[in-house]
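Some notes on the structure that comes next.
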Amino acid sequence: MSNVSHPRSDIGAHPDVSEMSARYDRVLGGRDVALVDAPVLLVGLYCAVSPWVLHFTASQPSLATHNLILGIAIAVLALGFTVMPERMYGLSWAICAIGAWLIVSTWIVGTSPDAGVVLNNIIVGALTFLLGLVCAGAVMKSKKT
């Protein structure tokens with residue numbers, strides 16, 4: 001039987017080690033807000049399921065669909081922040097806009113919303129807006145240096 005395993009060697013002798021190291025530093029250099037990625041994802045997932053958690057799907061079907069779509073959009077942006085941080089953190093302002101829209105959309109999309117629905121969207125919208133500001137602030141800080 002032949003030996004098909006490849007002998008392992010030190011990567012320091014690899015011809016592209018300096019380029020790989022520079023790329024690694026560049027990708028991780030803008031990760032000042034890595035701890036914010038998970039809360040943004042959780043806020044997005046909660047926004048998506050909140051109509052069923054608070055049981056306003058029957059009384060507010062248009063607002064339930066609205067929260068589902070916005071929650072999925074927030075979660076997708078959060079996953080993008082995690083997977084491609086160098087490209088996606090420019091969209092931090094979109095998170096702020098979604099948060100602001102969540103706050104006012106209860107009265108625009110919904111018809112005679114309950115106090116629980118209003119409070120839910122205000123809290124989720126404010127959290128989304130604040131997390132977006134943290135991401136955007138970190139992007140602006142990293143671009144200055």
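The values are calculated or read from the model by the stated rules, or taken from the named source; none is laboratory data. Keep in mind the model is a prediction, meaning the values are calculated, not measured. Note that each Cβ is placed from the backbone with ideal geometry, even for glycine, and that neighbours are counted across all protein chains shown.
Provide a single number: the residues in the range 103-145 that are part of a loop (DSSP other than H, G, I, E, B) and of a type in the set (A, V, I, L, M, F, W, C). Show your work before the answer.
Taking the range 103-145 as the starting set, the residues that turn out to be part of a loop (DSSP other than H, G, I, E, B) are 110-114, 145.
So of that shortlist, the ones also of a type in the set (A, V, I, L, M, F, W, C) come out as none.
So the answer is 0.
Taking the range 110-145 as the range and being over 19 Å from A94 (Cβ atoms) and among the β-branched types (V, I, T) as the test, the residues that pass are T111, V117, V118, I122, I123, T145. The residues of the range 32-91 that are in contact (Cβ under 8 Å) with a residue 40 or more places away in the chain, of a type in the set (V, I, T) and assigned to a helix (DSSP H, G or I), listed by number, are V36, V40, V43, I74, T82.
Residue check: E86 meets all listed conditions (1) in contact with a Gly (Cβ under 7 Å, 6 or more places away or on another chain); (2) farther than 14 Å from A136 by Cα but one, namely (2).
A single member of A34, A58, A48 is modelled with pLDDT under 75 and more than 17 Å from P85 (Cα to Cα), and it is A58. H6: in a loop (DSSP other than H, G, I, E, B), of a type outside the set (D, E, K, R), surrounded by fewer than 16 Cβ atoms within 10 Å (Cβ to Cβ) and modelled with pLDDT of 75 or more, yes or no? When the stated conditions are applied, H6 does not pass them. Of everything in the range 104-145 that's more than 17 Å from N67 (Cβ to Cβ) and among the hydroxyl-bearing types (S, T, Y), which residue is modelled with the lowest pLDDT? In this case the residue turns out to be T145. Looking only at residues in the range 66-86 that are touching a helix residue (DSSP H, G or I) at 6+ places or on another chain (Cβ under 8 Å), more than 14 Å from L45 (Cβ to Cβ) and surrounded by fewer than 17 Cβ atoms within 10 Å (Cβ to Cβ), the one that is modelled with the lowest pLDDT is E86. So is T128 among the hydroxyl-bearing types (S, T, Y), surrounded by 14 or more Cβ atoms within 10 Å (Cβ to Cβ) and within 12 Å of V43 (Cβ to Cβ) or not? Considered against the rule, which asks whether it is among the hydroxyl-bearing types (S, T, Y), surrounded by 14 or more Cβ atoms within 10 Å (Cβ to Cβ) and within 12 Å of V43 (Cβ to Cβ), T128 comes out as yes.
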